[in-house]
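Participant: Before I ask anything, let me first share the structure, which is written out below as structure tokens.
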Amino acid sequence: MGETNERKNDFSQGSIVKNILSLALPMTLAQLINVLYNIVDRIYIGRIPDHATLSLTGLGLCLPVISVVMAFANLFGMGGAPLCSIERGAGRNDEAEKIMGNSFLLMLIVGAVLTVLGLALKRPMLYLFGASEQTYPYADSYVSIYLLGSVFVMVGLGMNSFINSQGFGKIGMMTVLLGAVANIILDPVFIFVFGMGVQGAALATVISQGLSAAWILRFLTGKKTILRLKASNMRLEWRRVKEIVALGLSGFTMNVTNSLVQIMYNATLQMYGGDLYVGVMTVVNSVREVVSMPVQGVTNSAQPVMGYNYGAGEYGRVKQAIAFTSAVAIGYTTVVWLLVHGFPEFFIRIFNQDAELVAAGIPAMQIYYFGFFLMSLQFAGQAVFVALGKARQAVFFSIFRKVIIVMPLIWLLPRIGGLGTNGIFAAEPVSNLVGGVACFVTMLVTMMPELNGKRDGKGNGRSGT
């Protein structure tokens, strides 16, 4: 069975576009479904009687914590999976399995550590993130339960990358579909029927992630996978750990910097607009998670294809994958920008019906998403760097856009000309312009000459169209 799947998932054969789409369609759907873990929570919480806005704002204060847990999942998942693709493309499946085993053990260890540290530091942490006396109880209720499921989140998110990297996009989709359906069913039961509020939302998420993690482990230890998860490969070796962490630092840095930026957004908005605008930011982030998923699905699904062909020496096919991925990303995000700018109220009301929040959220949405298509340049550039194992470049541009550009702007812009909260939201489009263009242009300038200077792996200049 493994040999049959190996031939079936040979990304050096057939059309590059078809190879990418064969992964992109189920992976994008899977990522959209995955967003439901948190998005469905917010939709239900936004409809809790009496304290919907405070509950939603409290959950929003937990987003940096969620981002940190996801960051570590990406550190080991997105770090190990591209290495597996490269090793598999080069015919070294034994080494690929050892990389996967090391990544899995790292997820278990770090997941347990995050649970202990998070629970010990949650009170000062949440106040640092912008909590008030009114919103802290709701944030505390959610994060206390969510942290208990950190290991499930780590395995469910991180190990799914190893399923997708082998070409099993439909299995990867089923992984998140299982958890999402469970979450959709359990959320209203725990929140409304049992009257647990935000605690119910967190409990539903933890149980759902646990089901996804169990599904993943069952597949990766079974007979249908190409690369098998084995206890014998779970002995940490510094060389592999270093390679996994080095490549995974891009995804890790993006999530950690997202967390830092969110903390700064919430704290600054609390200063200039109070709990209302922290709630607006929660809605803005929720919309972003939904609309960003398709473009992330395409760029993430292109990584195994690019990595496999790079490892196999098929450089013409790598260039085709870069061109296709970039075009789709730019086209999609342009359409999203026009929709969000034209119908901001529609997107806001998905999560909250409060008239005051809707009124404050409309201009905030239009400012925050202005020129959103420029963000696709960051997605595409990062995807290429990660897929081809260029860890330093990937990490640099993750830090560059968020830490060097966004964070100073969040502090500076509201103080210019009395811009206040409008200035805070304007930091995002400015960073998309500068950071996105810099990342994409650097990718073209550095990677294209390297790919153009190498012959096709079989010496025939095949393009795979």
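The values are calculated or read from the model by the stated rules, or taken from the named source; none is laboratory data. Only a predicted model underlies this, so the values are computations on that prediction, with no experimental measurement involved. In this analysis, Cβ positions are derived from the backbone assuming ideal geometry, glycine residues included, and neighbour counts consider all displayed protein chains. Just so you know, the surface numbers come from the protein's heavy atoms only, side chains and all, with ligands and any DNA or RNA stripped out. Shrake-Rupley method; radii C 1.70, N 1.55, O 1.52, S 1.80 Å.
Participant: With 18 Å as the limit, write out which pairs from Lys18/Lys224; Lys98/Lys319; Lys170/Lys230; Lys18/Lys319; Lys18/Lys223; Lys122/Lys402 have Cα-Cα distances beyond it, or answer none. Before the final figure, lay out the partial values.
Facilitator: Values: Lys18/Lys224 22 Å; Lys98/Lys319 29 Å; Lys170/Lys230 23 Å; Lys18/Lys319 15 Å; Lys18/Lys223 26 Å; Lys122/Lys402 24 Å.
Over 18 Å apart, Cα to Cα: Lys18/Lys224; Lys98/Lys319; Lys170/Lys230; Lys18/Lys223; Lys122/Lys402.
Participant: Using only helices, what value at 222 nm comes out for the chain when you add -39,500 (n - 2.57) per DSSP H run of length 4 or more and divide by the total residues, to the nearest 500 deg cm²/dmol? If you can, show how the numbers build up before the last one.
Facilitator: Working: 19 runs with 360 residues, N = 465.
It lands at -26500 deg cm²/dmol.
Participant: So, one more: Relative to the longest principal axis of the chain, what angle (0 to 90°, nearest 10) does the C-alpha long axis of helix 421-452 take?
Facilitator: Tilt of helix 421-452: around 0 degrees.
Participant: First compute the accessible area of the stretch 152-250 with a 1.4 Å probe, then give the percent of it belonging to carbon and sulfur atoms. Walk me through the numbers on the way to the answer.
Facilitator: Numbers: 2860 of 4200 Å².
The C+S portion of the solvent-accessible surface of the stretch 152-250 is 68 percent.
Participant: How many Å² of accessible area per residue for the chain, probe 1.4 Å?
Facilitator: Values: 17560 Å² over 465 residues.
For the chain, the solvent-accessible area averages 38 Å² per residue.
Participant: Using a 1.4 Å probe on the protein heavy atoms, what percent of the accessible area of the stretch 279-388 belongs to carbon and sulfur?
Facilitator: Working: 2270 of 3150 Å².
That share works out to 72 percent.
Participant: Quick one: how many Å² of Lys319 are accessible to a 1.4 Å probe, rounded to 10?
Facilitator: My reading of the accessible area for Lys319 is about 60 Å².
Participant: Sticking with this structure for a sec: What percent does the relative contact order of the chain come to when contacts are Cα pairs within less than 8 Å and at least six residues apart?
Facilitator: Values: 809 pairs, mean separation 112.0, N = 465.
Worked out over the chain, it gives 24 percent.
Participant: What figure, in Å² to the nearest 10, do you get for the accessible area of Ile184 with a 1.4 Å probe and non-protein molecules left out?
Facilitator: Taking all protein chains as shown, Ile184 has close to 70 Å².
Participant: Can you give the FRET efficiency for Asp50 and Leu339, using 1/(1 + (r/R0)^6), R0 = 25 Å, r = Cβ-Cβ distance, to the nearest 0.05? Show your work: numbers first, answer last.
Facilitator: Details: r = 33 Å, r/R0 = 1.30.
Using R0 = 25 Å, I get an efficiency of 0.15.
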